[in-house]
Structure formats: structure tokens, C-alpha cells
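Inspection log for the structure reproduced underneath, given as C-alpha cells.
The values are calculated or read from the model by the stated rules, or taken from the named source; none is laboratory data. This is a predicted model, so every value here is computed, not measured. As a convention, Cβ positions derive from the backbone with ideal geometry for all residues, glycine included, and neighbour counts pool all protein chains shown.
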Amino acid sequence: MKAFLSAAFLLVATGAASDSFIVPQVKFGPPVVATYHCPTGKPFTVTYWNGDNGQSFALMPIAGKPTLLVNTLSADGVRYAAGSIVWWTKGSNADLYDARVDPEKPTLAGCRSR
């Protein structure tokens, strides 16, 4: 799984698949691109891919580097995670958590896509 994510990350992050996310065993629809504005900081873009197997992925900048997150279990909204990072979206709102800082309190709260 780790090798798969590394390969997928390289494929997407290098721009080789800017319009698609390629995993031969899973079909993905066109990417959904959203720009988020947060109370602090400059706007940033998140690209989402939804697979026909129920999985979805989000590619977003974390500490200035493109980071690929995968959806995980959530009672409300869509929760994406990679390592200690969690990006939790609910409609057009989103919060970023870093478990190394505080798993219960967002490190970036009140983000909204337009």
C-alpha cells in the first residue's frame, strides 16, 4: 500500500497526471478542484479524485509540499488523512488537524471553498 501511495503521489505531484488520477484497478471521474480561503494565511488549492470503489483522494499543500491524503471513516463530512495530518471537509467548510500538535483542535480552522 505504501508503495502504491508513493507511486501515485509521484505521478500526481510531478504533473504527469494533472487531469487524471491513474490506478489501473480503480476508475476515477474528473478531478474536482477547490480553492480554500482560511481566516489566516493565503488561499490554497485542493484537488479531489473520487473512485468508483468508494475511495477518494485529496492532493493539497502541507508545509509547502504536495501531500496526498486518502478518505477515512467519518460520521459527518469527509475526512482525509495522511500520517499525522487530517483534512476534514463538511460541505464547503474544512479544518486541518495535525495530531503532532493537538489531535482534537484544528491547526487551521474555518477554511471555506468558494
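Considered as a group, the residues in segment 90-114 that are exposed (fewer than 11 other Cβ atoms within 10 Å of the Cβ) and under 16 Å from His37 (Cα atoms) include one that is modelled with the highest pLDDT, and that residue is Gly91.
Inspect segment 12-21 for any residue being at pLDDT below 95, aromatic (Phe, Trp, Tyr) and part of a loop (DSSP other than H, G, I, E, B) and give the result as yes or no. Before the answer, list the steps.
From segment 12-21, those at pLDDT below 95 are 12-21; that's our starting set.
When the remaining residues are screened for being aromatic (Phe, Trp, Tyr), the result is 21.
Those still in the list that are part of a loop (DSSP other than H, G, I, E, B) too: 21.
Among the residues of segment 12-21, at least one is at pLDDT below 95, aromatic (Phe, Trp, Tyr) and part of a loop (DSSP other than H, G, I, E, B), which makes the answer yes.
Looking at segment 43-58, which of its residues are in contact with a Phe, Trp or Tyr (Cβ under 8 Å, 6 or more places away or on another chain) and under 17 Å from Arg112 (Cα atoms)? Full working, then the answer.
Taking segment 43-58 and keeping what is in contact with a Phe, Trp or Tyr (Cβ under 8 Å, 6 or more places away or on another chain), we get 43-46, 48-52, 56-58.
Passing the criteria: Pro43, Phe44, Thr45, Val46, Tyr48, Ala58.
If you go through segment 66-89 and keep only what is out of contact with any strand residue (DSSP E or B) (no Cβ under 8 Å at 6 or more places or on another chain) and at pLDDT 95 or above, you end up with just Gly83.
A Cβ distance below 6 Å, combined with a sequence gap of six or more or placement on separate chains, defines the contacts here; from segment 72-84, residues that are of a type in the set (A, V, I, L, M, F, W, C) reach residues that are outside any loop (DSSP other than H, G, I, E, B) in the pairs Val78/Asn71; Val78/Thr89; Ala81/Leu69; Ala81/Thr72; Ala82/Thr67; Ala82/Leu69.
All of (1) of a type outside the set (A, V, I, L, M, F, W, C); (2) exposed (fewer than 14 other Cβ atoms within 10 Å of the Cβ); (3) modelled with pLDDT of 90 or more hold for Lys2 with one exception: (3).
Restricting attention to segment 44-60, the residues that are modelled with pLDDT of 95 or more and either loosely packed, with under 13 Cβ neighbours inside 10 Å or charged (D, E, K, R) (or both) total 1. Selection of segment 65-86 for residues being within 21 Å of Val101 (Cβ to Cβ), of a type in the set (D, E, K, R) and out of contact with any Ser or Thr (no Cβ under 8 Å at 6 or more places or on another chain) yields only Lys65.
Among the residues of segment 82-114, those that are closer than 18 Å to Thr40 by Cα and assigned to a loop (DSSP other than H, G, I, E, B) comprise Ser92, Val101, Lys105, Pro106, Thr107, Arg114.
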